[in-house]
Every structure is written in structure tokens, then in C-alpha cells.
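Comments concern the structure below.
The values are calculated or read from the model by the stated rules, or taken from the named source; none is laboratory data. Just so it is clear, the model here is predicted, and its values are computed rather than measured. We place every Cβ from the backbone using ideal geometry, glycine too, and count neighbours over all the protein chains shown.
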Amino acid sequence: MKSLPAILGALLVLSLPAVAQERPIVLKVGTALDGKGRIIRNTIIVVHGSKIASIGGAAPSNAITYDLTGLTVSPGFIDTHAHIGYHFGDDGRNGGRGESPVHSMLRGVDNAIVTLKAGFTTIQSPGQASDKELRDAVARGIIPGPRILTSLQPLTETSGPPDKLRELVRQRKQEGADFIKIFASKSIREGGAQTMTDEQLQAACGEAKAQSLRTLVHAHSAESAKAATLAGCTSIEHGAYVTDEVFDLMAQRGTYYDPNIGLVLQNYLENKPKFLGSGNYNEEGFAFMEKGLAITRDTFRKALTHKNLKIVYGTDAVAGAHGRNYEEFIVRVREGGQDPMKAIESATSISAESMNMQDQIGSLASGMQADIIAFDGNPLEDATAVRRCVFVMKGGTVYENRHLR
Ligand SMILES: [Zn+2]
């Protein structure tokens, strides 16, 4: 019979090759944007396991090497507002009719895969109950997809007392929500007026804060955005009619602004027959969305003049838009007039900070998650380069490597 130390010794030897198999990865870089406004040139990024071990220095001798010189490297992009489960059914209609939950879920998986391949390594879904299953399946590392955070079912309660909202916030937390999504105004198609009272907003955002949850608030009118800002909510979504006065207030309070000017309305208009007649999508709404393109663009331009306003990168991607989340970037730069480096920071470090994840994602630095993408072209010189994401690594795993080098 072997002694205990001998057995332990044998186990140690057996376990060594498994550890040694996890070889470090070296990415050879010509040009990298670090997500915080800096450009890094001619270096290597060393990845150990799921994290960036170092930038620069000597390459480990046993590393697997990817040559990304000639591409533009960036932290994985983040979409703070993507409805990852929304899809067109087999009938070609928004949501699909008579679908089984399993079928719907597999469409969500399609969305997750194309989103990741587009270079988005983290998204926030605001949200539906089935997001939880998809989030957890991706987190298990089997289904390729972006890291998913979800609000689960949003809060739309406007009739009950403020306490009702506090209760709903606690309920979402218990159900496993990562943050809370609140509807404080009507849709842009319906004018965007405030629907939730100031007291209800204070209750919802106050209780969420007490539960350590962030709050994303759908608010189009200036008054609804102002009320949400004063209630201490984390982020104003859409905000098509926000005024200079309210942008000032948001900048002062550190409230994030999530304009969606480059994908969602364009996608509705391109796919009009698939949406028309479902939900609140009617001819009147579509006529309004045509006008909405200019309204949202002009409000975004106004937002850019408020230097301290923190603008995150959300697209409000719905059915038909997943995997094209980068279009928002192009419109922000080309039509909105945003400095491309600032637009990169918005899609990386600023969005990460808005999610309280700035220590894990959104920039290239040692100790960060190895969420690293590369474009064929440089988005600082040609905004459309973001359509050509040819390398995707998430948490140290390479999911896409399409460049011919
Ligand atoms: Zn939305």
C-alpha cells in the first residue's frame, strides 16, 4: 500500500500537464486603442487564462501567437442597450407567432453569436425574463456570445403607490436581475411624455440603490429625464427631447446618457413590413420614426457640447439589428460629429464604468479581462472599419480569427 505522501505526489504529477496545457497567448500588435483615449504601437499583449497578463515585455517561450499587426486592436465593444432575445420569427414577423419557448431561445442564441462576432463582448439587455437562461448559458462557456447583463422584465408600473415599485425592485433582485430597467416616459412614437411620477421614480431608483442595483430609465421628454436624474437613477436611455438645462444637470450629477441614433430607427424603417401591425407599430408611428432620425441626431449633437456629460454606447438593438451594433458608431461619428476616439471610449471604458465593471472590461491593461478585438482598418481614420471586426477574443478565448495573415 502506498503512503499518503506518495499518493499526493502522484496526483500532483498527474495534475501538472493539465496546468501546463493552458499555454499563454501572445497578440502581436501594430496599433491598439486602449479604450481610454491612448494609442499603443508596436507591442505585444500577453494573455494568461482569461486575463491580460502584460502589455509589452518579453513573450513567454511556449505562447500561442496571433499576428494582429496591420489591424487596429481595441478592447471588446460594449452595447449597454441591446434586446438580445428580440427576433423575427419563421413567419418573417417581429416576435414570430406561435413559437415555442425553445425556438425563441435558439433565436436568442443566434443573436448572441452574431453580436459577439461583430466585436461586442459585453451587452446589457433591458430586458425580458428569458434573458436569464441565455445569460447563464453563455456564462457557462458553451454557447458563444457576449457577456450578458439583464434587467429581466422592466418596471412599467405607474398606477400603484411608490411602495409597489420598491417591492418590484426587490423582486427583480431576487429573480436574478443585474440591474433595473424602468419606463418613465412613453415611446418616441407616442411623444415621450412622462408616465411615472417623480415619487415613483424616487422609490424605484432609491430602492435599487439600497439593493446595490443600477437603474436604466427609458425617458424621452426633458421633464422625465430631469425627474430620473433628480431621483439618482444611473442612466437616461434614448432621451430624444432632453434640453441643455437637463444635460447640464445630468453632467453635474454624473448621470449617464445613452442616445441611440444610429441603428434602432434605421432598422425599424428598413424592416417596416416585419414590424407593422405588431405591438404599437402602426403607420403613424412609422411616419414619426422618419422624423425621429433628425430629432435624435440633433439632440446627440447638443449632448456633445456638454463636455462633462458621460455618454455611453447603447444601440437599442431589436429584431433585425443584432450583429450590426457597430452602425451606431458610424452614425455618431459621421452624422453626429463625434470625435472617433471619443466614440471608441464611449463603446469601451465609459460604458464599462456605467456598469461598474471598469476594473474588469473596457480597456487594455494588465489584470483586465482579455476582451480584445481587431478591425481590418482604423476606425479613427475610417468609421466604417468597425464593420470589419476580424478578430474576437473574450475572456482569453478566441472566437473569431478571419484575417488572412
Ligand atoms: Zn430598448
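Structure notes:
- From Lys291, Lys310, Lys272, residue being out of contact with any Asp or Glu (no Cβ under 7 Å at 6 or more places or on another chain), closer than 19 Å to Leu216 by Cα and not polar (S, T, N, Q): Lys310
- Flag if Arg172 is crowded, with 18+ Cβ neighbours inside 10 Å, farther than 22 Å from Gln124 by Cβ and more than 16 Å from the ligand (Cβ to nearest atom): no
- Sole exception among (1) assigned to a loop (DSSP other than H, G, I, E, B); (2) in contact (Cβ under 8 Å) with a residue 24 or more places away in the chain; (3) of a type outside the set (Gly, Ala, Ser) for Gln358, by number: (2)
- Val318 in contact with a strand residue (DSSP E or B) (Cβ under 7 Å, 6 or more places away or on another chain) and within 14 Å of the ligand (Cβ to nearest atom): no
- Once segment 179-209 is narrowed to residues that are within 16 Å of the ligand (Cβ to nearest atom) and part of a helix (DSSP H, G or I), the residue that is surrounded by the most Cβ atoms within 10 Å (Cβ to Cβ) is Ile188.
- Complete set of residues in segment 111-139 that are surrounded by fewer than 22 Cβ atoms within 10 Å (Cβ to Cβ), under 26 Å from Leu276 (Cβ atoms) and touching a residue at least 60 places away in the same chain (Cβ under 8 Å): Val114
- Unmet requirement for Ile123, which otherwise passes all of (1) in contact with a helix residue (DSSP H, G or I) (Cβ under 7 Å, 6 or more places away or on another chain); (2) part of a loop (DSSP other than H, G, I, E, B): (2)
- Count of segment 277-288 residues, restricted to those that are more than 16 Å from the ligand (Cβ to nearest atom) and in contact with an Asp or Glu (Cβ under 9 Å, 6 or more places away or on another chain), is 1.
- Qualifying residue in segment 376-389 (condition: under 25 Å from His87 (Cα atoms) and not in a helix (DSSP H, G or I)): yes
- Reported count of residues in segment 60-81, each being within 16 Å of the ligand (Cβ to nearest atom) and out of contact with any helix residue (DSSP H, G or I) (no Cβ under 7 Å at 6 or more places or on another chain), is 2.
- Among the residues making up segment 100-133, those that are hydrophobic (A, V, I, L, M, F, W, C) and over 29 Å from His403 (Cβ atoms) are Val102, Met105, Leu106, Ala129.
- Listed by position, the helices (runs of 4 or more DSSP H) contained in segment 210-276 that have at least 2 residues being buried (at least 24 other Cβ atoms within 10 Å of the Cβ) and more than 16 Å from the ligand (Cβ to nearest atom) are 222-230, 244-253.
- Per-region count, segment 82-117, residues within 22 Å of Ala352 (Cβ to Cβ) and within 16 Å of the ligand (Cβ to nearest atom): 5
- Condition check for Ala385: crowded, with 24+ Cβ neighbours inside 10 Å and in contact (Cβ under 8 Å) with a residue 24 or more places away in the chain: no
- Selection status of Gly37, within 16 Å of the ligand (Cβ to nearest atom), surrounded by fewer than 21 Cβ atoms within 10 Å (Cβ to Cβ) and either at pLDDT 95 or above or within 22 Å of Thr315 (Cβ to Cβ) (or both): no
- Hits in segment 312-344 (condition: buried (at least 23 other Cβ atoms within 10 Å of the Cβ), assigned to a helix (DSSP H, G or I) and of a type outside the set (A, V, I, L, M)): Glu328, Phe329, Arg332
- Test result for Asp298, among the acidic types (Asp, Glu) and over 19 Å from the mean Cα position of the chain (by Cα): yes
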